[in-house]
Every structure is written in C-alpha cells, then in structure tokens.
1. Need one word for the stretch 396-486: rounded, prolate or oblate. Basis is the Cα gyration tensor (sqrt eigenvalues a ≥ b ≥ c); a/c below 1.5 gives rounded, then a/b vs b/c decides.
2. How do the peptides 120-130, 478-488 rank, highest first, by the average count of neighbouring beta carbon atoms within 10 Å per residue?
3. What distance in nm separates the two pseudo spin-label positions at Gln490 and Glu57, each 7 Å out from Cα along the beta-carbon direction?
4. Stretch Phe16-Ala187 to full length: gain in nm at 0.36 nm per residue minus the Cα-Cα span?
5. Take Glu3 and Phe179, extend 7 Å from each Cα along the Cα→Cβ direction, and tell me the distance between the two endpoints in nm.
6. Once you put a point 7 Å from the Cα of Arg284 and another 7 Å from the Cα of Thr225, both along the Cβ direction, what distance in nm separates them?
Amino acid sequence: MMEIFSAIASAAPGVFTIPVIIAMFIGTVVGIGVGALPGLSATMGIAVLIPLTFSLEPLVALGMVAGIYNGAMYGGSIPAILLRIPGTPAGIATVFDGHEMAKKGNPKLALDISLVSSSLGSAVSAIALLLLAPPLAAIALKFGQADYFWLAVFGLTAISVLLAGNPVKGFLSACLGLFVGLIGIDALTGNQRFTFDTPDLLSGVNIIVILTGLYAIPPAIDLMTGKAGIAAGHIDVSGSRAKFPWHTLVPVWIRSSVIGLVIGLIPALGGNIAALLAWNEQRRWTKNPGAYGTGEPDGIAAPECANNADTGATLIPALTLGIPGNAVAAVVLGALLVHGLRPGPELFRANADVVYGFMLTMLVTAGFMWVIGKFGSRLYVNVLRMPGKLLGPFVLGLTIVGVYSIHNSMFEVWLMLGFGALGFLMERLAIPTAPAVLAVILGPIAEESLRRALLISGGDMSVLLAGPISWMLAALTIIAVLSPLWKAIQSRRAARTGAEAS
C-alpha cells in the first residue's frame, strides 16, 4: 500500500499542470455533450478523439479521455430526465424516476440528484481504481463461464419480473430482446443467424440502434403530437439543492457504489446493467416499492451512482490484466497503445507516472463534472421551454444524425425507426422496453457462456452448479422468478382474511 501512495504522490505533479487541467476540463465538457445527445456514447466520443491526440503528451491525451468517459456517463441523464430519452444506454434506469420528477415540476432537483450521485460514484470508482486495482482484478478472475451464465440469467430475470407490473409482459419484452441478440454471426461456429442474407445484419444489431429506437422515437412522437412535455410554468429552478435532505441518500450511494464496482469488475457487463440492477435493488430494499417509477429521489440516485461507479472499476481488469471490461475500456486500451503504453502488470512498473496519473485524472474529472453540472443545470432545464412541436422534430433529427454517424449506414437509420415504431406500440400496450434492451446485452453473454461451459465439461450439465458463485446466482434467480407468485399468494390471503373479518 505504501508503494501505491508513493506512486500516486509521484504522479500528482504531472496531473496538476496547465495543459492536463485544460485537457481534462475540455474532455469533461465534450463528454457531457456527447452523453446528452441520443445515439452518441462515450465509446464513440473517445474513438473520435484518439486520432486527434497523436501529437499530445500521453497524460494530456489520457486526461481528455478520462473527462469524456466520466462526462458522458453523467450527460446521458440530462435527456433522460428532461425528455424521457436516455442519452446513453446507462441512462435507461434514470428515466423511470427522473422524468417523473421533472413532470412534477422539479427537473432542477432531479438534475441535482443525478449530478451529485454521478460525481460521488465516479469519485468512489476512481479511488478504487487507484488503491485496489490488483486485488479487485483478482475477484473478476474467479468468475468462470457457468458463473457468467447465471449472472446474465439472474440480471435478465430480475429486471423482467420486478421491473414490469405484469411479469408476463416483462418476459415478452425480454424474449424480443433475446431474439434481436441472436441476429448476426454465431461467435462460436461462424454461422449466420437471422440475417436474411442482408450484409448489414452480419455484425448484429448495434445496441445504440435499438436503444435509440425504443427510447428516443416514442417520446419524440409524443412531443410532436402534444401528448408529452412539461409545462414551462411548473418548472422549479430555485435552490432545490439546499432544501433537499441529502443525508437520506447516503445508504443509497453506498449500496449503489458497491454494485457499480462489482459489475464493473466483471468483463462484458457495464454501466447500463449496473444502473438497472442498482435501481432494482433499491426498489427491493425499500418499504414502499410501489413508489418507484413515480419520481422517487432514490430511484435517480441509485442508477446514476452505480453507472458512474462502474467507470473506473471497468478499467481495473483492463489496466492490470489487459482485459477490457466493455467497449469503452477497449477504446481506452487503444488510446494507451497509441501512446506506447502496453496494458498489463508491467505497465505499473515501466510507466507508473503515466498510469497513476491517468487514474488520478479519473478522480479530478469527477470534480470537474460536478462543477460544470452545477452551473449548467439551470441552462439544461430551459430545453423544456421549447414548444413540443419544435422540440420533437429536433430530437428526431439528432437521433437520425447520431445513429447514422455510427457506421455511416442508412440501413441502421431505417432499423432505428422500425424499433421506434415497435417501441411506440409497446408503450401503448404497457409492455416495458427495458427488459428488451437488457436482453440484447445479456442474451449473447448467457448463450456464449453456457455453450463454452458445456464444451469445456464435455456436455456435463453439472458444471452449471459446480461452484459457490453459481449456486448463489442460481438461488437468486429462482427467488426472482417465484417472488410474483409469493406476492400473489400473500395478496389472496390478505383479501380472504379481510373478507372473513367483514
């Protein structure tokens, strides 16, 4: 531990120089803007930035990368709260309570809760990255293929059952996502699945395409038809931060930070899953779960803290083992390689000043994010003053530009619009869209992990329950499936007791 503190102290002077501070500030501003634009993401922002950093010093370039990463994770909550459109996949869970609070006339408070929670989550994640990288990476190595399978199944089951008022509709939505996740080339055999001889589908359906379609198009339609929006006269831009009892969110922040750190350590997951699980866990722990989805402050704090606590944790296996936890971590590894830094255990010895400096920039940009968001929230809420019939086409135009910029593909634009029509229909039928998006992410993970586990074991199904982690996750999955049945039995007993008493 003393060696870690010594390395941090040696790296700090390089971080607090004018070029690096300017780079971190610019990166954070750009990141918030990227996250706030539907269809864009931190991955895209960093990928576009890397070619522009060839001539910069490594720490200057990495400081800008850290700013974009942290800023984009918070930026996704801005349209999620104000327009019911998650700017990034990690902003899905913020929609549930964030937009409802805004509709009640408190968009400023919702943005404040999101900002403070995001900043705290990012700070906790950065501190964990600085102090606990090697031991925490060892935890991730304990997960086998069977454990990944059960983790994916548990996440999908919990969200499908507990998120939807009707579990049948939740599973229906999840089945849609599982089908979409099958589209493309089989990772193990190389065979085409459900591509319909269309080259554009060989790589599958990009998560940004389905996310933007299901979450951005329906609200845009509602805005254009006058069925959605918040009356400007009901917007509260007063000093809501001072009035709110912030101490009540401390347990939420602690619980959600732990969830974000754990999820970030496990490769192939990410901030979107961390946010949904944190929101679900917070709903499960509370005494009044029915209030969630109606504008609960905890329902904003939990996902925002978790998805930002994921940022630094995702980089732990990437920096220490060279294993990127998600697409953003993979792009960050690319940025390191571009500047002559090879990820792995040797990185901490050969380039200690740069790698610890990069981890410090993750902490500093968390503070920049809070400062920029604090002064920017009064400006953000003004988007609600724009007439819906003007705002709707503007949002629609941004989504089209954002999706087209992914691969310069009009096919993906039409696919996004198709998912938008499907999302509009699902909303009218009260079918939740979050299980579908989560299934697109978790479905391939569950399938590939299951098949790899069976290949390794020679087809022996007992491998799925061979370790304590698998047993624990399987038990949690069964509890999640049976919980609606248990609640129904309890409701019937209560109704019968009430009838007998009367």
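1. oblate
2. Going by the mean number of other Cβ atoms within 10 Å, highest first, we get 120-130, 478-488.
3. Here the modelled spin labels are 5.9 nm apart.
4. 57.1 nm
5. 5.5 nm
6. 3.6 nm
Values quoted throughout were computed directly from the atomic coordinates according to the rules given, and no laboratory measurement underlies them. All figures in this text were calculated on a predicted structure; none of them were measured in a lab. Ideal geometry is used to build each Cβ from the backbone, glycine not excepted, and the neighbour counts take in all protein chains shown.
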